[in-house]
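In what follows, a single structure is set out as structure tokens and then discussed.
The values are calculated or read from the model by the stated rules, or taken from the named source; none is laboratory data. What you see is a predicted model, and the numbers here were worked out from it, not measured in a lab. Methodologically, a virtual Cβ is constructed for each residue, glycine included, from the backbone with ideal geometry; neighbour enumeration extends over all protein chains shown. The accessibility values were calculated without ligands, DNA or RNA, using every heavy atom of the protein model including side chains. Shrake-Rupley method; radii C 1.70, N 1.55, O 1.52, S 1.80 Å.
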Amino acid sequence: QVQLVESGGGLVQSGGSLRLSCAASGSTFSIYTMGWYRQAPGKRRELVASITSDGSTNYADSVKGRFTISRDNAKNTVYLQMNSLKSEDTAVYYCKSSYATWSSWGQGTQVTVSS
């Protein structure tokens, strides 16, 4: 079981920036597809961005041009740089690792954007 620990959430004003980090346990991080998801109150969890083992990225339309996902395999860490934040970005952000048929989730980190 891969353990994932998110950090970097907090309160920020509209237009501001935050960088989320997700540190993974184990020695096979480089083979995982990593993703950031978010869930706002009363809404379904949704994919924000993902990055494959070869570095291919995918973004939700709502964050394209504002968010950037990256990974550092030497540090077993995936990042989400969030710029030009909007109030609608307020949510709990979760990190997910996946490979073949299994996946693992982190505990989440709260991001609150004040208008």
Criterion (at negative phi, part of a loop (DSSP other than H, G, I, E, B), modelled with pLDDT of 95 or more and among the polar types (S, T, N, Q)) met by exactly one of Ser62, Ser53, Ser21: Ser53
Evaluation of Gly42 against (1) assigned to a loop (DSSP other than H, G, I, E, B); (2) more than 22 Å from Gln110 (Cα to Cα) (one fails), failing number: (2)
Among residues of segment 3-12, those that are in contact with a Leu (Cβ under 8 Å, 6 or more places away or on another chain) and open to solvent by 30 Å² or more (accessible area, probe 1.4 Å), counted: 3
Residue, farthest from Gln110 (Cα to Cα), within segment 18-27, restricted to residues that are among the polar types (S, T, N, Q) and open to solvent by less than 60 Å² (accessible area, probe 1.4 Å): Ser25
Filtered residues of segment 70-96 (kept if buried (at least 18 other Cβ atoms within 10 Å of the Cβ), over 10 Å from the mean Cα position of the chain (by Cα) and among the hydroxyl-bearing types (Ser, Thr, Tyr)): Thr77, Thr90
Filtered residue count, segment 28-39, keeping only those that are part of a strand (DSSP E or B) and either charged (D, E, K, R) or open to solvent by 40 Å² or more (accessible area, probe 1.4 Å) (or both): 4
Candidate set: segment 97-113, residues that are hydroxyl-bearing (Ser, Thr, Tyr) and closer than 19 Å to Lys43 by Cα; chosen: the one least open to solvent (accessible area, probe 1.4 Å): Thr109
